[in-house]
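Structure record follows, encoded as structure tokens.
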């Protein structure tokens, strides 16, 4: 008896959509590319690439420029770039001290931003109002104010990306917050809202267009008030069952250590968080962005207490990185926020601790680096996920 094949044929329109998505994704990620480069990358014919580019141009997603001059022989290949009046995404980066809302164009350029101080208190309802209030000035700063493609939100806590619910965000005091639905309720239905953990979005940005583009096994260790890790293994983001993967800040280093706001004692965060760094320097005042910046500035100027605090943190940071290497075996660890400052100021101490605590040898090729986007990695990552729907179906 012959078995009937149950898989349906792929429709021509589905193939067309897939190919449009490929072209737009390459231009979005890499910027201006020639038709010849797109043809080579996508293994499509020149005529097919030309037709795809023409359709994307009609949709005002890309624009073409014909180069002039030069010494080459024959007709120069058209250059395809993101459209100057194309759609934009809104990226939102939530931190305990401030919320940043930015308009990010195709190609990943931050066109405008609004930074709103929070005085250390961010409530879900208040955050929704902040985002909505920030949209008007952002619209006035972009070339196509009516073409908002999506809103991506970076949160310092666990996020279920399917339900768009914030599970636990201890530094914000949130638990079980349906933030995605709350934002979707006040935005047009055709504007999707996507949520992500801040470290997860930071590693996504660095992997797609930053300092991890050339490797598929990478961890982004972010230090703010808390400490978290974004993880990509074999090119695939690791979120865990309900978004809790990477909550390394609440791994316990010393059960007799300081009390953490999560209720446990001796979490990594109590040794490496920004409040802990201030305490190590003898600056036992409430944490503010200005005080943290002053600590690192003073350390650079040779202040004994400040530099001593940084070097003390370097030992713990090295142990933390070694644990990541032993568990995940990445080829690159990117350190952002205050962790990046510690690496910049005390790299020899960090690397020595990594060597001491890594099983065997860290091995050649393991790189500790700073993020390409500085403090904006999570914000850029929020913009990336906000473009997901458009990139999947440019029509």
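Things to note:
- Residues satisfying the stated conditions in the stretch 238-256, i.e. in contact with a helix residue (DSSP H, G or I) (Cβ under 6 Å, 6 or more places away or on another chain) and farther than 26 Å from residue 290 by Cα: 246, 251, 253
- Options 317, 277, 328; residue that is farther than 17 Å from residue 345 by Cα, within 25 Å of the chain's Cα centre (by Cα) and surrounded by 14 or more Cβ atoms within 10 Å (Cβ to Cβ): 328
- Scanning the stretch 127-151 for residues that are under 15 Å from residue 184 (Cα atoms) and either surrounded by 14 or more Cβ atoms within 10 Å (Cβ to Cβ) or touching a strand residue (DSSP E or B) at 6+ places or on another chain (Cβ under 6 Å) (or both) gives 127, 128, 130, 131, 135, 148, 149, 150, 151.
- Per the listing 135, 183, 127, 106, the residue uniquely touching a residue at least 40 places away in the same chain (Cβ under 8 Å) and farther than 30 Å from residue 60 by Cα is 127.
- Per-region count, the stretch 329-359, residues free of Cβ contacts under 8 Å to residues at least 12 places away in the same chain and within 18 Å of residue 270 (Cα to Cα): 0
- Residue that is modelled with the lowest pLDDT [pool: residues in the stretch 92-104 that are more than 17 Å from residue 196 (Cβ to Cβ) and touching a helix residue (DSSP H, G or I) at 6+ places or on another chain (Cβ under 9 Å)]: 97
- In the stretch 199-241, the residues that are assigned to a strand (DSSP E or B) and surrounded by fewer than 23 Cβ atoms within 10 Å (Cβ to Cβ): 233, 236, 237
- Here residue 359 passes the criteria (1) outside any helix (DSSP H, G or I); (2) surrounded by 22 or more Cβ atoms within 10 Å (Cβ to Cβ) except the one numbered (2).
- In the stretch 111-121, residue modelled with the lowest pLDDT [restricted to those that are closer than 17 Å to residue 378 by Cβ and surrounded by 17 or more Cβ atoms within 10 Å (Cβ to Cβ)]: 118
- When 81, 89 are checked against the criterion of being assigned to a strand (DSSP E or B) and surrounded by fewer than 24 Cβ atoms within 10 Å (Cβ to Cβ), a single residue qualifies: 81.
- When 57, 89 are checked against the criterion of being modelled with pLDDT of 95 or more and under 18 Å from residue 201 (Cβ atoms), a single residue qualifies: 89.
The values are calculated or read from the model by the stated rules, or taken from the named source; none is laboratory data. Predicted model, so just to flag it, every value in this text is computed and none were measured. When we count neighbours, we look across all protein chains shown, and the Cβ atoms used for this are built from the backbone with ideal geometry, even at glycine.
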